[in-house]
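The values are calculated or read from the model by the stated rules, or taken from the named source; none is laboratory data. The shown structure was predicted, so the numbers you read here are calculated from the model rather than taken from an experiment. Positions of Cβ are backbone-derived with ideal geometry, glycine not excepted, and every protein chain shown enters the neighbour counts. Note: areas computed on protein heavy atoms with side chains; ligands, DNA, RNA excluded. Shrake-Rupley method; radii C 1.70, N 1.55, O 1.52, S 1.80 Å.
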Amino acid sequence: MSIRTNMQDLENIALLFEDIKNIAVARLVPEAARAHFRQAEKEALLGVKSLLDAAIDRLEEDDSMKQVNDSNHLKQIPVED
């Protein structure tokens with residue numbers, strides 16, 4: 001006997017596991033601790049956001065410096081008529 005599962009079955013199973021996890025966390029982890037964990041997760045995400053913002057700023061600075069350097073390296077070539 002062959003058991004076939006489709007994507008919807010797998011999604012339903014994943015949702016059930018998520019529900020079980022949420023129930024377990026709600027019963028085992030005090031609300032105050034969950035609030036701290038949520039705040040810690042938010043702070044970690046804000047840290048990643050800061051890293052990304054700094055990397056974007058560096059790229060923009062590099063681009064603007066390149067444009068300035070490119071414009072400084074232009075030479076005028078006299079053209080005879």
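Results, tabulated for the structure shown:
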| quantity | calculated |
| --- | --- |
| Positive-end residue, segment 21-63 charge dipole about Cα centroid, Cβ charges, pick of 23, 39, 51 | 23 |
| Local electrostatic count at residue 57 - Lys and Arg +1, Asp and Glu -1, tallied over other residues with Cβ under 14 Å | -3 |
| Nearest-ten-degree value, helix 31-72 long axis tilted from longest Cα axis of the chain | 20 degrees |
| Probe 1.4 Å - accessible area at residue 62, Å² to nearest ten | 100 Å² |
| Calculated [θ] (222 nm, deg cm²/dmol) that DSSP helices of n ≥ 4 give over the chain, each run adding -39,500 (n - 2.57) | -28500 deg cm²/dmol |
| DSSP-loop trypsin sites (Lys or Arg not before Pro) across segment 1-58, with at most 11 other Cβ within 10 angstrom | 4 |
| Net lengthening on full extension, residue 35/residue 55 (0.36 nm per residue, minus Cα-Cα) | 4.2 nm |
| Share of carbon and sulfur in the accessible heavy-atom surface of the chain [1.4 Å probe, %] | 60 percent |
| Candidates per GluC sites (Glu not before Pro) in segment 13-81, loop by DSSP, up to 13 other Cβ within 10 Å | 80 |
| Label corresponding to mean projected area of the Cα convex hull in nm² when calculated from the structure given, among [x] 11.2; [y] 6.7; [z] 14.5 | [z] |
